[in-house]
Amino acid sequence: MLNDALKSQLQTYLQRIEQPIELVATLDDSEKSRQVEELLVTIASLSDKITLRRDGHAPRKPSFDIRRGDVGVTFGGAPLGHEFTSLVLALLQVGGVPPKETPETIAQVKALEGEFHFETFFSLTCQNCPDVVQALNLMAALNPKVKHTAIDGAVFQEEVERRQIMAVPSVFLNGEPFGQ
């Protein structure tokens, strides 16, 4: 799935991870699940600070969590294309690499009170989607009260139709439309 040059570059980035993380996969017998599993196996093989479990119980298959303690992010589908950078940043941020945000912004995110579960529907070809996915992933990596699931709409077409999503990125907060 990832060519040797990309694996080498990813391995260099993953050396920056400061704290152990785990990838928790929820898979089925589909071809898309096999692709996600292959991606996760590759990622886990590139760093001794990353472990892979295949016993997830997420409602979407295929999906996977990137976890460290009580913080983490979830991806539904394989975040490739424009979303590959979002995946790499999520690995680093959940792994404790300090974000390049201002101390004020970080403090504001950490101070959020309440429970927030964001879901962002994206397309692998969407050029605006990564900005939204990355911002919400960062919030989830900084504050355990914020959860974020980034969902490839092409993989979960039934859900896209049921939720009447017409454009991406589409964001839901606690199950309700939040923005587009």
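Applying the condition of being charged (D, E, K, R) and open to solvent by 40 Å² or more (accessible area, probe 1.4 Å) to the range 113-160 and asking which residue is nearest to the chain's Cα centre (by Cα) yields K147. Here the strands (runs of 3 or more DSSP E) wholly within the range 17-117 that include at least 3 residues being within 30 Å of E176 (Cβ to Cβ) are 21-26, 63-68, 71-76.
Annotation: of all residues in the range 64-75 being touching an Asp or Glu at 6+ places or on another chain (Cβ under 9 Å) and more than 16 Å from R54 (Cβ to Cβ), the one that is most open to solvent (accessible area, probe 1.4 Å) is R68. Which residue, of L23, L2, L52, L27, is open to solvent by less than 70 Å² (accessible area, probe 1.4 Å) and more than 30 Å from E115 (Cα to Cα)? Result: L2 is the single residue among L23, L2, L52, L27 that is open to solvent by less than 70 Å² (accessible area, probe 1.4 Å) and more than 30 Å from E115 (Cα to Cα).
Here the condition is being modelled with pLDDT of 95 or more and more than 16 Å from the chain's Cα centre (by Cα); of S86, S47, S33, it holds for S47 alone. Could you tell me whether any residue of the range 2-13 is in a loop (DSSP other than H, G, I, E, B), within 23 Å of K145 (Cα to Cα) and at pLDDT below 95? Among the residues of the range 2-13, not one is in a loop (DSSP other than H, G, I, E, B), within 23 Å of K145 (Cα to Cα) and at pLDDT below 95, which makes the answer no.
The values are calculated or read from the model by the stated rules, or taken from the named source; none is laboratory data. The structure displayed is predicted, hence computed values, not measured ones. Because the Cβ atoms are built from the backbone with ideal geometry, glycine has one as well, and the counts that use them run over all protein chains shown. The protein model used for the area step is the full one, side chains on, heavy atoms only, and it has no ligands, DNA or RNA in it. Shrake-Rupley method; radii C 1.70, N 1.55, O 1.52, S 1.80 Å.
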